[in-house]
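Scroll down for the structure; my scribbles are underneath it.
The values are calculated or read from the model by the stated rules, or taken from the named source; none is laboratory data. Being a predicted model, the structure only gives us computed values, none of them experimental. FYI the Cβ positions are ideal-geometry reconstructions off the backbone, even for glycines, and counts take in every protein chain you see.
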Amino acid sequence: MKLLLDTHILLWSAADKLSAKASKYVLDESNRLYFSAASIWQIAIKMGLNRSDFRVDAYALYSGLLDNGYEEIPITSKHTLAVSTLPDIHKDPFDRIILAQCISEGIPILTSDTRLADYHAPVILV
């Protein structure tokens with residue numbers, strides 16, 4: 001199964017801090033794992049703020065994801081236009097573009113964010 005991992009799941013996966021339920025999906029070698037360019041963008045912004053509570057190297061994470069077989073989904077105009085069709089349930093622009101990618105590409109999103117489950121989209125809550 002194809003799975004698009006949201007930013008939190010990507011970070012938890014990289015840090016070996018996934019829940020048992022999330023691990024079941026991520027570690028299943030029959031699944032193809034995807035990440036959004038929006039997740040790397042979000043992490044790069046936070047990294048650039050030099051926050052003491054956020055110590056993730058976006059470059060290392062990106063390389064590690066590719067080295068471990070994750071596939072990147074770039075942001076396209078199709079995705080940005082799909083954001084305009086989403087109900088105003090979630091305010092975070094990164095989550096909204098990732099959700100639009102999930103819907104546009106027909107790839108379920110793996111997330112722990114219960115608000116994403118309120119959308120008419122293929123969401124797997126872990």
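Here are some conditions: (1) modelled with pLDDT of 95 or more; (2) among the hydroxyl-bearing types (Ser, Thr, Tyr); (3) not in a helix (DSSP H, G or I). Residue 25 meets all but one. Which one does it not meet?
Checking residue 25 against (1) modelled with pLDDT of 95 or more; (2) among the hydroxyl-bearing types (Ser, Thr, Tyr); (3) not in a helix (DSSP H, G or I), the one that fails is (3).
Looking at (1) out of contact with any helix residue (DSSP H, G or I) (no Cβ under 6 Å at 6 or more places or on another chain); (2) in contact (Cβ under 8 Å) with a residue 60 or more places away in the chain; (3) not acidic (Asp, Glu), can you tell me which one residue 20 breaks?
Unmet condition: (2).
Being at pLDDT 95 or above and aliphatic (A, V, I, L, M), is that true of even one residue in segment 66-74?
yes
If you take the residues in segment 29-55 that are in contact (Cβ under 8 Å) with a residue 24 or more places away in the chain and surrounded by fewer than 17 Cβ atoms within 10 Å (Cβ to Cβ), which one is nearest to residue 96 (Cα to Cα)?
The residue in question is 41.
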